[in-house]
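The structure appears right after this line, and notes come after that.
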Amino acid sequence: KDIEAPPNDSDVLCGRGGGSQNHRGNDRYRRIVNETKYRYLSSNKRGKRKIALELVSMIYALDPPGRFLEKHDWKPTYDDIGEERAVVKVSQALREGAPEIRKKIVADRAAREREHAAASAASYLNGGMVHLDESEESYIDSPNTAHHRRVASNGSTSSNNGLIPFGSGQVG
């Protein structure tokens, strides 16, 4: 439908050129898109659509409510492109710069895996001392320890120094 009123500061103007790119609503929109790209590119197909819908909903929920508008070529009015086309536009914007962001995602994932491996190795090298949950039942000590305890429901402890062998599969 034709929208004759000028776009408000929450509207996103679709199209190319300085008019749409310099609009205040587009500045906010680009900031939101850039803050969301990592999460979007880390998601599966269903998650990507959900994230794009979230961003469209975010624009609609602004005060004043935002719209995704497209200017007519032949007259000074705009059309609201509707939710489905807005989701497509948002998805496209979220994919811009994807190769560089994917490299960062891969590097971050590798760093987390290295940290996890280092923490596991450090735990083993420190005698396997891993604290589970003191309020529950057990502690794990060195790989050579064959003792364990159970904390009964009344709080008393049964035998064997409260230790479980690392890797034994026992949980108290």
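Table: residues versus (1) under 24 Å from the mean Cα position of the chain (by Cα); (2) surrounded by 16 or more Cβ atoms within 10 Å (Cβ to Cβ).
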residue	(1), (2)
Arg30	yes, no
Asn44	yes, no
Arg49	yes, no
Arg67	no, yes
His72	no, no
Lys75	no, no
Ala86	yes, yes
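Each row is one residue, and each column tells you yes or no for (1) among the acidic types (Asp, Glu); (2) touching an Asp or Glu at 6+ places or on another chain (Cβ under 6 Å).
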position: Arg16; (1), (2): no, no
position: Gln21; (1), (2): no, no
position: Gly25; (1), (2): no, yes
position: Glu35; (1), (2): yes, no
position: Asn44; (1), (2): no, no
position: Lys50; (1), (2): no, no
position: Ser57; (1), (2): no, no
position: Trp74; (1), (2): no, no
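Touching a strand residue (DSSP E or B) at 6+ places or on another chain (Cβ under 9 Å) and open to solvent by 60 Å² or more (accessible area, probe 1.4 Å): is that true of Glu96 in this structure?
no
Go through segment 51-65 and give me each residue that's surrounded by fewer than 15 Cβ atoms within 10 Å (Cβ to Cβ) and in contact with a Gly (Cβ under 7 Å, 6 or more places away or on another chain).
The one that is surrounded by fewer than 15 Cβ atoms within 10 Å (Cβ to Cβ) and in contact with a Gly (Cβ under 7 Å, 6 or more places away or on another chain): Tyr60.
The values are calculated or read from the model by the stated rules, or taken from the named source; none is laboratory data. Remember, it's a predicted structure, so these values are computed and weren't measured experimentally. Neighbour counts run over all protein chains shown; Cβ positions are idealised from the backbone, glycine included. Just so you know, the surface numbers come from the protein's heavy atoms only, side chains and all, with ligands and any DNA or RNA stripped out. Shrake-Rupley method; radii C 1.70, N 1.55, O 1.52, S 1.80 Å.
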